[in-house]
Amino acid sequence: MFKKNRKKEGIDLECQVSVDKQSKGIDFFVELFKTVALAILIVVPIKMFIMQPFFVQGASMEPNFHDGDYLIIREFGYKKTVVAAGDREFFTVNPFKDIDREEVVVFRNPNNPSQFFIKRIIGLPGERVVIGNGVVRIYNDESPEGFVLSEKDYLPANVKTTPSKTIVAKDDEYVVLGDNRNNSSDSRYWGSLKADLIIGKVSLRAWPIRDFELY
């Protein structure tokens, strides 16, 4: 009688251990699923609406930004975002923040939207930008006679802007130029930039560490 009970107790114990292991395995996958789901819920909205990383490619923004620089772009308020699933659109977030002159933005190439460009805002909506004698002159409602744009904060003193050109920005457009005026595809060659092509403005340079900077 004693031996029989011991055998039964042993069987019950083995069954209990087996159930415990199975339960722990299920709990592990449940927690893993929760972690992944939470990460998606956090990361996806951030990348869609708030900020996104970009690597600089090329030399069009030298000497201020170089090939390989790792930048964080602030998108919220600057980028038009359509939230959709398949063919169904749920809602659209339109840009609602103003972009100031001389800020650096990332946008889709007007001639190839699959590519991204980084340039500096020179002309604001409704302005006329005239390039001549190596300088940039801005005409707007506040300055109908025009004023020469001072670019000493980001361009070397010996840099001249060419060729001579007049660019008019409509109410939903900007004029953008690369800091490397001798090596940049910008508004001088393909005209003003539609506002809805803008992805966001540069918020910080995270890499290389020695050049870390907030904008």
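Here are a few things to note about the model shown:
- Scanning the stretch 166-196 for residues being over 20 Å from GLY132 (Cα atoms) and crowded, with 19+ Cβ neighbours inside 10 Å gives a total of 3.
- Set VAL130, VAL202, VAL136: member being farther than 26 Å from ASP67 by Cβ, out of contact with any helix residue (DSSP H, G or I) (no Cβ under 6 Å at 6 or more places or on another chain), surrounded by 14 or more Cβ atoms within 10 Å (Cβ to Cβ) and of a type in the set (A, V, I, L, M): VAL130
- Qualifying residue in the stretch 132-140 (condition: assigned by TED's automatic domain parsing to the domain that holds ARG188, of a type outside the set (S, T, N, Q) and closer than 26 Å to SER203 by Cα): yes
- Just one of (1) without any contact (Cβ under 8 Å) to a residue 40 or more places away in the chain; (2) closer than 23 Å to ASP196 by Cα fails for PRO163. It is (2).
- In the stretch 41-65, the residues that are closer than 19 Å to LEU155 by Cα reach residues that are modelled with pLDDT under 90 with C-beta atoms within less than 6 angstrom, at least six apart or across chains, in these pairs: PHE65/VAL56.
- In the set GLU151, GLU142, only one residue is buried (at least 16 other Cβ atoms within 10 Å of the Cβ) and acidic (Asp, Glu); that residue is GLU151.
The values are calculated or read from the model by the stated rules, or taken from the named source; none is laboratory data. Keep in mind that what you see is a predicted model, and the values were worked out from it rather than measured. Cβ sites come from the backbone with ideal geometry, for glycine too, and all protein chains shown count toward neighbours.
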